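Notes follow the structure.
The values are calculated or read from the model by the stated rules, or taken from the named source; none is laboratory data. Computed from a prediction, not measured in an experiment: that's the story for all the values here. When we count neighbours, we look across all protein chains shown, and the Cβ atoms used for this are built from the backbone with ideal geometry, even at glycine.
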Amino acid sequence: MMSELLLGLSLGVLAILFLIYQQRNSTKKQAVRFTSLASERSNFENLLAEAQKREAALSVILESMTEGVIAVNRGKKVVLLNSGAERIFGVSKKMFLNRNLIEIVRNTRIDEMVSQAIQNRSRLAGEISIAFPKTQVLSANAIGISMDQQDISGILIVRDVTDIKRLEHVRQDFVANVSHELKTPLTSIKGFIETLLEGALRDRERSESFLKMMDEDASRLERLINDLLELSQIESREITLKLEAVDIGLEIEKIVLGFQNQIKKKRLTVHNHIMKTAIPQIKADRDKMKQIFINLIDNAIKFNRDDGSLSIKAQKLNGSLIEISIEDTGIGISKNNIPRIFERFYRVDKARSRELGGTGLGLSIAKHLAEVHGGKISCESNFGKSSQFTVVLPIFKT
Ligand SMILES: Nc1ncnc2c1ncn2[C@@H]1O[C@H](COP(=O)(O)OP(=O)(O)OP(=O)(O)O)[C@@H](O)[C@H]1O
Ligand SMILES: [Mg+2]
């Protein structure tokens with residue numbers, strides 16, 4: 001009986017011990033589970049912070065790009081648009097998110113490019129001219145995303161290449177123009193030589209007049225080549241300036257004297273107001289500076305009307321710069337031509353300028369010479385009435 005009781009007791013103790021053990025074990029398991037949950041949570045937080053950091057970095061990169069980037073979904077609705085795209089297409093992010101791509105790009109070629117890229121999951125590139133918000137040439141890339149990620153099916157990347165295209169055109173025009181300008185007098189000289197060889201040589205009077213014309217053509221070729229050499233020298237910044245203090249009023253007075261014949265022929269009146277103004281001396285290479293004003297005064301006379309006038313003024317802009325202006329009463333220059341007249345060979349009326357002996361290099365030489373002095377040239381005009389060219393040059397400081 002006693003032994004039965006003892007057995008029962010020990011079994012009871014064993015059961016309690018087992019229960020305690022089980023309890024302990026499950027608390028331990030729970031504790032382990034809690035710890036792993038906490039570490040999972042901190043891992044998750046780390047991942048989130050990492051993703052947020054990565055997103056912030058991507059957004060900084062996207063916003064600082066000069067290229068325009070637009071991401072669209074399968075229905076070509078805009079889901080992302082960076083500041084580059086805002087600038088190029090003249091739109092604002094707030095207003096255009098979730099709108100159709102065509103409403104932003106306002107160009108069917110770009111819209112179609114993106115559609116095709118999405119459809120074929122391919123990459124398309126092209127150069128496209130757009131008219132809104134202003135005329136621009138864009139280099140466009142449309143990329144179809146192979147697996148829709150974050151609802152993005154296509155990306156459009158555009159770069160404004162308007163300036164590069166314009167420079168390319170200028171260079172092409174330059175080569176074409178040089179060849180043409182060289183060819184014209186050469187063809188004429190060859191023509192005269194042929195006529196002389198065919199017998200005109202024996203006619204003294206005719207041959208003399210032919211030689212005079214050949215001399216004119218040869219001088220034109222020489223002038224053209226000299227201008228081109230000078231221009232390329234200034235442009236490559238190979239020239240060394242002999243900087244000194246120059247009295248601008250006096251130098252302009254001498255230049256005007258050199259043009260007396262042309263001035264008389266057109267019965268022009270020249271007012272050199274600088275002579276009566278107290279203007280400090282400028283810091284310049286005398287000959288190069290004179291070349292700027294020779295070119296400007298030559299134009300102001302050539303493109304003036306008979307009985308017209310020329311007004312030359314100067315004023316201090318600040319402690320270090322002087323502004324010299326030459327105003328004529330000539331044919332004027334239309335607004336759309338003003339930005340182009342400083343280009344090499346650009347002439348508003350080619351035939352008229354050539355007739356007057358011009359090559360169209362005068363203003364581009366003047367512009368570059370002003371720039372190597374640390375100055376600049378600008379032009380304003382009242383079309384049909386007058387033109388005013390303004391040169392800014394540095395003051396000589398002792
Ligand atoms: N004062 C002016 N009034 C009206 N048009 C002008 C004036 N100055 C320049 N232009 C226009 O700008 C063009 C370019 O001028 P630029 O001096 O470079 O060439 P050019 O005078 O024709 O030839 P070059 O100077 O080589 O003899 C001229 O052909 C003319 O159409
Ligand atoms: Mg000229």
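Being over 24 Å from residue 261 (Cα atoms) and either part of a helix (DSSP H, G or I) or more than 13 Å from ligand 2 (Cβ to nearest atom) (or both) is the requirement here; does residue 311 meet it? Give the derivation first.
On the way: over 24 Å from residue 261 (Cα atoms): no; either part of a helix (DSSP H, G or I) or more than 13 Å from ligand 2 (Cβ to nearest atom) (or both): yes.
Here the answer is no, as residue 311 does not meet what is asked.
Just checking, how many residues over region 327-358 are within 26 Å of the chain's Cα centre (by Cα), on the phi < 0 side of the Ramachandran plot and touching a residue at least 60 places away in the same chain (Cβ under 8 Å)?
Summing the residues that are within 26 Å of the chain's Cα centre (by Cα), on the phi < 0 side of the Ramachandran plot and touching a residue at least 60 places away in the same chain (Cβ under 8 Å) in region 327-358 gives 2.
Identify, please: which residue in region 345-386 is within 12 Å of ligand 2 (Cβ to nearest atom) and among the hydroxyl-bearing types (Ser, Thr, Tyr) and is, among those, modelled with the lowest pLDDT?
The residue in question is 353.
Could you list, in sequence order, all residues of region 74-106 that are out of contact with any helix residue (DSSP H, G or I) (no Cβ under 9 Å at 6 or more places or on another chain) and either over 20 Å from residue 129 (Cα atoms) or not in a helix (DSSP H, G or I) (or both)?
75, 79, 90, 94, 95, 97, 98, 99
Identify the residue in region 327-344 that is within 23 Å of residue 231 (Cα to Cα) and either more than 8 Å from ligand 1 (Cβ to nearest atom) or charged (D, E, K, R) (or both) and, among all such residues, is surrounded by the fewest Cβ atoms within 10 Å (Cβ to Cβ).
Quick first cut of region 327-344, residues within 23 Å of residue 231 (Cα to Cα) only: 337-344.
Going one step further and asking which of them are either more than 8 Å from ligand 1 (Cβ to nearest atom) or charged (D, E, K, R) (or both), we end up with 338-340, 343-344.
Working: 338: 17, 339: 10, 340: 13, 343: 19, 344: 22.
Going through the qualifying residues, I end up with 339.
Within region 141-154, identify whether any single residue is more than 21 Å from the chain's Cα centre (by Cα), part of a helix (DSSP H, G or I) and charged (D, E, K, R), and answer yes or no.
For region 141-154, residues more than 21 Å from the chain's Cα centre (by Cα), part of a helix (DSSP H, G or I) and charged (D, E, K, R): absent.
Which ones in region 117-136 are of a type in the set (A, V, I, L, M), under 19 Å from residue 88 (Cα atoms) and in a strand (DSSP E or B)?
Residues of region 117-136 that are of a type in the set (A, V, I, L, M), as a first pass: 117-118, 124-125, 128, 130-131.
Cutting the leftovers down to under 19 Å from residue 88 (Cα atoms) gives us 125, 128, 130-131.
Of everything in region 117-136, those that are of a type in the set (A, V, I, L, M), under 19 Å from residue 88 (Cα atoms) and in a strand (DSSP E or B) turn out to be 125, 128, 130.
Identify all residues within region 241-260 that are hydrophobic (A, V, I, L, M, F, W, C) and closer than 24 Å to residue 397 by Cβ; write none if there are none. Break it down stepwise before answering.
If we filter region 241-260 for residues that are hydrophobic (A, V, I, L, M, F, W, C), which is where we start, we get 241, 243, 245-246, 248, 250, 252, 255-257, 259.
If the condition is that a residue be hydrophobic (A, V, I, L, M, F, W, C) and closer than 24 Å to residue 397 by Cβ, then 241, 243, 245, 246, 248, 250, 252 are the ones that fit.
Take the residues of region 91-125 that are on the phi > 0 side of the Ramachandran plot and surrounded by 13 or more Cβ atoms within 10 Å (Cβ to Cβ): which is modelled with the highest pLDDT?
Taking region 91-125 first, the residues on the phi > 0 side of the Ramachandran plot are 98, 106, 121.
Going one step further and asking which of them are surrounded by 13 or more Cβ atoms within 10 Å (Cβ to Cβ), we end up with 106, 121.
On the way: 106: 95, 121: 92.
The qualifying residue modelled with the highest pLDDT is 106.
Looking at 266, 242 in this structure, which one is more than 24 Å from residue 177 (Cα to Cα) and within 16 Å of ligand 2 (Cβ to nearest atom)? Please lay out each step first, then the result.
On the way: 242 fails: within 16 Å of ligand 2 (Cβ to nearest atom).
Going through 266, 242 in turn, just one is more than 24 Å from residue 177 (Cα to Cα) and within 16 Å of ligand 2 (Cβ to nearest atom): 266.
Suppose we filter region 286-321 for residues that are near ligand 1 (Cβ under 9 Å from one of its atoms) and under 18 Å from residue 250 (Cα atoms); how many remain? Spell out how you get there, then give the answer.
We begin by selecting, within region 286-321, every residue near ligand 1 (Cβ under 9 Å from one of its atoms); these are 295-296, 298-304.
With under 18 Å from residue 250 (Cα atoms) added as a condition, the list becomes 295-296, 298.
Number satisfying all stated conditions: 3.
For region 285-308, enumerate the residues that are touching a residue at least 60 places away in the same chain (Cβ under 8 Å), within 14 Å of ligand 2 (Cβ to nearest atom) and outside any helix (DSSP H, G or I).
Narrowing region 285-308 to residues touching a residue at least 60 places away in the same chain (Cβ under 8 Å): 285, 288-289, 291-293, 295-296, 298-300, 303.
Narrowing further to those that are within 14 Å of ligand 2 (Cβ to nearest atom): 291-293, 295-296, 298-300, 303.
If the condition is that a residue be touching a residue at least 60 places away in the same chain (Cβ under 8 Å), within 14 Å of ligand 2 (Cβ to nearest atom) and outside any helix (DSSP H, G or I), then 303 is the only one that fits.
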